[in-house]
């Protein structure tokens, strides 16, 4: 059994979001050069001061943490800024407190995430592109699945999420203590029209076994559990296993697993994808618009990282 192999390996799921910093510093602004902009400069300076030139980050060593450090180093507008590190949970608590008091805050952010369904947030523009381009989450399957298990192939090929629907589902998961199997089952029960578009014309499979693998992020676990339930309702005996991203690709490429809805492309899992390209089949995006960056509440009157002011 594939699960047994994974347990023997003692895998701990990790998600790396390491991105390469690019670009150079913006031109220095000369005080008083444009008197028409004095009011705006003062406003952004006051916001930066209110923020104490601090970004509310997540865990030390996380890929996004390193990328945010690169942003601080590359943008002249963030000279002297610091990133306060603790945990994703602590960041979310501080975000909720700040919004409750309508105070300024800048947080390390990623999508999909339930915070975008819970709060009115916006990403700050990143003119240098250090956080990278928008990503998509794709579905990969082992070679031969279409011929050997065409029913599963068809359902997986049709599986697709809208970003806002995913974030609303993740908010529900947060309210239900992240019991993804329970949340997924409730979602399937309440969204039969969507499920019908994935399963139209599909006949029951009659107990055929199917191995799904997923990384450990909330988005992927929710998607995988929904797919598991839908496939089980159509006669499959589904096993779902959480794995490290490198093992995920290897398992599909070697045929130890049938499918995964977890790869983030083109940056996050691009290296693993390229390593095994040609040894699996890519069915295309199951979710588009995934990204990372810095986010602020929409009541804050800034739109870009370059709207900030350096610490004097």
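The values are calculated or read from the model by the stated rules, or taken from the named source; none is laboratory data. Values in this document were obtained by computation on a predicted structure and should not be read as measured data. Note: ideal-geometry Cβ built from the backbone for every residue, glycine included; neighbour counts use all protein chains shown.
Structure data summary
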{"item": "Index of the failed condition, residue 115 passing every other in (1) under 19 Å from the mean Cα position of the chain (by Cα); (2) over 24 Å from residue 57 (Cβ atoms); (3) modelled with pLDDT of 95 or more", "result": "(2)"}
{"item": "Criterion violated by residue 202 - all others in (1) modelled with pLDDT under 95; (2) closer than 30 Å to residue 93 by Cβ satisfied", "result": "(2)"}
{"item": "Verdict on residue 78 being more than 27 Å from residue 172 (Cα to Cα) and surrounded by 18 or more Cβ atoms within 10 Å (Cβ to Cβ)", "result": "yes"}
{"item": "Residues (surrounded by fewer than 19 Cβ atoms within 10 Å (Cβ to Cβ) and under 14 Å from residue 142 (Cβ atoms)) located in the range 257-276", "result": "276"}
{"item": "Residue in the range 128-145 that is assigned to a loop (DSSP other than H, G, I, E, B), more than 24 Å from the chain's Cα centre (by Cα), touching a residue at least 40 places away in the same chain (Cβ under 8 Å) and closer than 29 Å to residue 251 by Cβ present", "result": "yes"}
{"item": "Filter result (over 17 Å from the mean Cα position of the chain (by Cα), crowded, with 18+ Cβ neighbours inside 10 Å and closer than 30 Å to residue 152 by Cα) within the range 282-312", "result": "283"}
{"item": "Residue list for the range 47-64, restricted to those being closer than 17 Å to residue 124 by Cβ and buried (at least 18 other Cβ atoms within 10 Å of the Cβ)", "result": "47, 48, 51, 53, 55, 56, 57, 58, 64"}
{"item": "Residue in the range 230-239 that is within 19 Å of the chain's Cα centre (by Cα), in a strand (DSSP E or B) and either outside the structural domain of residue 71 (by TED's automatic domain parsing) or surrounded by 16 or more Cβ atoms within 10 Å (Cβ to Cβ) (or both) present", "result": "no"}
{"item": "In the range 156-215, the residues that are over 23 Å from the mean Cα position of the chain (by Cα), exposed (fewer than 12 other Cβ atoms within 10 Å of the Cβ) and part of a loop (DSSP other than H, G, I, E, B)", "result": "200, 201, 203, 204, 206, 207"}
{"item": "Unique residue being modelled with pLDDT under 95, assigned by TED's automatic domain parsing to the domain that holds residue 297 and touching a helix residue (DSSP H, G or I) at 6+ places or on another chain (Cβ under 6 Å) when the list is 58, 72, 105", "result": "58"}
{"item": "Residues (free of Cβ contacts under 8 Å to residues at least 24 places away in the same chain and more than 23 Å from residue 262 (Cβ to Cβ)) located in the range 91-124", "result": "93, 96, 97, 100, 101"}
